[in-house]
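Enquirer: I have a structure here, written as structure tokens, and I will follow up with some questions on it.
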Amino acid sequence: MLLRHPSSLEHDTGDHPERAERLRAIDRAVAARPDLGWEARDSPAATDAQLTAVHPPAHVAGIRALSARGGGWIDGDTYCGPQSFAAAAHAAGGACALVDALLGEGRPTGAALHRPPGHHAEVDRAMGFCLFSTVAVAARHARDAHGLERVMVLDWDVHHGNGTEDVFRDSAEVLFVSIHESPLYPGTGPASEIGRGPGEGYTVNLPVPGGSGDAAFTSLVEHVALPLARAYRPQLLLVSAGYDAHADDPLAGCRVSDDGFATMTGSVRRLADELAVPLGLVLEGGYDVAALARCVVGSLEVLGADQAPPAPAIDEHPLAQAARTRLAPHWPALG
């Protein structure tokens, strides 16, 4: 199941890096691969109840009102135009509809491909190109509509998912794992941030230095994120799938290849099959449009295959070794 909506193309940001051409490139690339066999479905707009399960009503009302007035810049990075509220609402609603398809229709995998992205939007603050915390809205919907108690969100966007962390840092309802370049915008996500109170240990930040590539990213997924998932036993796996760690991306300094993203997707697909839980991919960043389109298609190919690809040999990178040692007091299975 592939969730999309035309409003993603109507969120007009001009020549901003987060622009409509990102989705047009993905649409062209997917259309060129009918053999993938993905069923497409229009996304509904998130309801106010879904949005306010994460954001205060004043935040939702503020974005709606700004759009209705014709829009404007929220900060130096984040634009809200006349169609932006609708686009962001359909992005969040599409992610919720993806959850419904996975949990209510028995579909094993699916993807929600919208813009603007969401993982930087904090509980009461739009930032970093993001208006609503899309994957957080979807994870909370999984709890509220389907009764789930454990959702895992793996965020491999090159920028730290500060918004998702902000929503769930005090809760064990979501195991949030973020692999991100540091230092880099938004300047959050040190390894020392592990959640708070009943959420302690359920925020896992895995920062990597600029220049990190396939070896680091695939190892952190295979040797840290997957063992965490086996210990946590999620009922749903969601991936905040940003492709801006790609070597061609203009907004960061990591060196992940097309094959690296396919390998990470293969790892989480094998995990989902092993745990017998559904897997949903939610698009985040990725600003070299050619690389983005190729990598999204690569992920869809892995997700839609009859079987997960065979597991490649992935060496344990020193960053993964250090993370396992650091996390073992909270997660003994990593020791």
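Enquirer: What do you reckon, is residue 256 touching a residue at least 40 places away in the same chain (Cβ under 8 Å), touching a strand residue (DSSP E or B) at 6+ places or on another chain (Cβ under 6 Å) and more than 26 Å from residue 141 (Cβ to Cβ)?
Expert: In short, yes.
Matching residues to (1) crowded, with 22+ Cβ neighbours inside 10 Å; (2) hydrophobic (A, V, I, L, M, F, W, C); (3) under 29 Å from residue 193 (Cβ atoms):
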site	(1), (2), (3)
83	no, no, no
96	yes, yes, yes
100	no, no, no
130	yes, yes, yes
134	yes, no, yes
141	yes, no, yes
148	no, yes, yes
165	yes, no, yes
172	no, yes, yes
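Enquirer: Looking only at the stretch 3-21, which residues are closer than 22 Å to residue 98 by Cα, out of contact with any Cys (no Cβ under 9 Å at 6 or more places or on another chain), surrounded by 15 or more Cβ atoms within 10 Å (Cβ to Cβ) and not small (Gly, Ala, Ser)?
Expert: 3, 4, 5, 9, 10
Enquirer: Can you tell me which residues in the stretch 116-141 are in contact with a His (Cβ under 6 Å, 6 or more places away or on another chain) and of a type in the set (D, E, K, R)?
Expert: Result: 124, single match.
Enquirer: While we're here: Criterion first (of a type in the set (Gly, Ala, Ser), more than 14 Å from residue 216 (Cα to Cα) and surrounded by fewer than 19 Cβ atoms within 10 Å (Cβ to Cβ)) does residue 247 satisfy it?
Expert: On the way: of a type in the set (Gly, Ala, Ser): yes; more than 14 Å from residue 216 (Cα to Cα): no; surrounded by fewer than 19 Cβ atoms within 10 Å (Cβ to Cβ): yes.
For residue 247, the condition - of a type in the set (Gly, Ala, Ser), more than 14 Å from residue 216 (Cα to Cα) and surrounded by fewer than 19 Cβ atoms within 10 Å (Cβ to Cβ) - is not met.
Enquirer: Could I ask something else about it? For residue 189, indicate whether it is outside any helix (DSSP H, G or I), at positive phi and not hydrophobic (A, V, I, L, M, F, W, C).
Expert: yes
Enquirer: Now a separate question. Which members of the stretch 9-45 meet the condition of being touching a Ser or Thr at 6+ places or on another chain (Cβ under 9 Å) and among the hydrophobic types (A, V, I, L, M, F, W, C)?
Expert: Selection gives 20, 23, 45.
Enquirer: Which one of these is closer than 19 Å to residue 103 by Cα, in contact (Cβ under 8 Å) with a residue 60 or more places away in the chain and crowded, with 22+ Cβ neighbours inside 10 Å: 304, 285, 280?
Expert: Being closer than 19 Å to residue 103 by Cα, in contact (Cβ under 8 Å) with a residue 60 or more places away in the chain and crowded, with 22+ Cβ neighbours inside 10 Å holds for just one of 304, 285, 280, which is 280.
Enquirer: Mind listing whichever residues of the stretch 17-29 are farther than 20 Å from residue 89 by Cα and part of a loop (DSSP other than H, G, I, E, B)?
Expert: Once the filter is applied, which keeps residues that are farther than 20 Å from residue 89 by Cα and part of a loop (DSSP other than H, G, I, E, B), the stretch 17-29 yields only 17.
Enquirer: Would you mind stating whether residue 158 is farther than 19 Å from residue 85 by Cβ, in a loop (DSSP other than H, G, I, E, B) and among the β-branched types (Val, Ile, Thr)?
Expert: Here the answer is yes, as residue 158 does meet what is asked.
Enquirer: Please return the ranges of helices (runs of 4 or more DSSP H) entirely within the stretch 44-138 where 2 or more residues are closer than 20 Å to residue 164 by Cα, modelled with pLDDT of 95 or more and of a type in the set (Val, Ile, Thr).
Expert: Once the helices (runs of 4 or more DSSP H) in the stretch 44-138 are filtered for at least 2 residues that are closer than 20 Å to residue 164 by Cα, modelled with pLDDT of 95 or more and of a type in the set (Val, Ile, Thr), what remains is 57-68.
The values are calculated or read from the model by the stated rules, or taken from the named source; none is laboratory data. The model shown is predicted, which means the values in this text are computed figures rather than measured ones. In this analysis, Cβ positions are derived from the backbone assuming ideal geometry, glycine residues included, and neighbour counts consider all displayed protein chains.
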